[in-house]
Amino acid sequence: DAKTTQPTSMDCAEGRAANLPCNHSTISGNEYVYWYRQIHSQGPQYIIHGLKNNETNEMASLIITEDRKSSTLILPHATLRDTAVYYCIVRTGRRALTFGSGTRLQVQP
Amino acid sequence: DTAVSQTPKYLVTQMGNDKSIKCEQNLGHDTMYWYKQDSKKFLKIMFSYNNKELIINETVPNRFSPKSPDKAHLNLHINSLELGDSAVYFCASSPHGTGDNEKLFFGSGTQLSVL
């Protein structure tokens, strides 16, 4: 699976959009981009995933660049409950999900 | 109803003991997993079972033995516990295991402390 690079930590003001970047420059054509998050002391939680097109669901939006070498997870109106570690993962269906070190997002009141 | 439930939530034991962690999912999924999260917070896949058959075994010591009595349950038995086994263990499930649109659902974790 392609390696991903994420900032170690980010801050965001409550109510503002949180934009979390991820680089995956070695991604191959059949690898999907997944985002999960882990709130303190809980199990990881699926957020969103995509292949080429931008995706939106009730939790977030995923913007994938045209060359697919990077993506951005957008939480449109961050709340204190969104404080968590966010993991960007690329994988094909044949491999298990492999987590990196993620981005620690701190939402400030 | 909790989709993926694991017990116990906390487990404190002495070195050398044998212990088990249980996991159950009520989502009707075919595939279940065990992940280990160490003190540095890295989450690593340990095992994966699909319909009671082992499909992933990631160089885990053979003191760790997963058992899947049916596709809704995946238990983790650990023999001769060592200090380095202290970690949080997460169980997870997914509908099929090998699809490109697989979403994993995780349990809330079991914090194992070996003294």
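The values are calculated or read from the model by the stated rules, or taken from the named source; none is laboratory data. No experiment lies behind these values; they were computed from the predicted model shown. Glycine gets a Cβ as well: all are built from the backbone with ideal geometry, and neighbour counts include every protein chain shown.
Annotations for the structure displayed:
- Positions within the range B:38-52 being more than 15 Å from A:A96 (Cβ to Cβ) and more than 11 Å from chain A (Cβ to nearest Cβ), in sequence order: B:D38, B:S39, B:N51, B:K52
- Scan the range B:14-35 for residues that are farther than 18 Å from A:Q45 by Cβ and assigned to a loop (DSSP other than H, G, I, E, B) and the total you get is 7.
- Yes/no for A:R37 being touching a helix residue (DSSP H, G or I) at 6+ places or on another chain (Cβ under 9 Å) and within 21 Å of A:C12 (Cα to Cα): yes
- Residues of the range B:36-48 satisfying the condition of being part of a strand (DSSP E or B), touching a residue at least 24 places away in the same chain (Cβ under 8 Å) and either surrounded by fewer than 16 Cβ atoms within 10 Å (Cβ to Cβ) or more than 10 Å from the chain's Cα centre (by Cα) (or both): B:Q37, B:L43
- Screening B:I56 against (1) in contact (Cβ under 8 Å) with a residue 24 or more places away in the chain; (2) surrounded by 15 or more Cβ atoms within 10 Å (Cβ to Cβ); (3) in a strand (DSSP E or B) leaves a single unmet condition, (1).
- Selection within the range B:87-104 - more than 7 Å from every other protein chain (Cβ to nearest Cβ) and buried (at least 24 other Cβ atoms within 10 Å of the Cβ): B:C91, B:A92, B:S93, B:S94
- Taken over the range A:70-109, the criterion of being over 14 Å from A:P7 (Cβ atoms), of a type in the set (D, E, K, R) and at pLDDT 95 or above is satisfied by A:R81, A:D82.
- Under the condition of being closer than 16 Å to A:K3 by Cα, more than 8 Å from every other protein chain (Cβ to nearest Cβ) and of a type in the set (S, T, N, Q), the residues counted in the range A:18-59 number 4.
- Residue list for the range B:68-78, filter: surrounded by 14 or more Cβ atoms within 10 Å (Cβ to Cβ) and out of contact with any helix residue (DSSP H, G or I) (no Cβ under 8 Å at 6 or more places or on another chain): B:S68, B:K71, B:A72, B:H73, B:L74, B:N75, B:L76, B:H77
- Across the range A:87-109, the number of residues qualifying as crowded, with 20+ Cβ neighbours inside 10 Å and either away from chain B (no Cβ under 13 Å) or touching a helix residue (DSSP H, G or I) at 6+ places or on another chain (Cβ under 9 Å) (or both) comes to 3.
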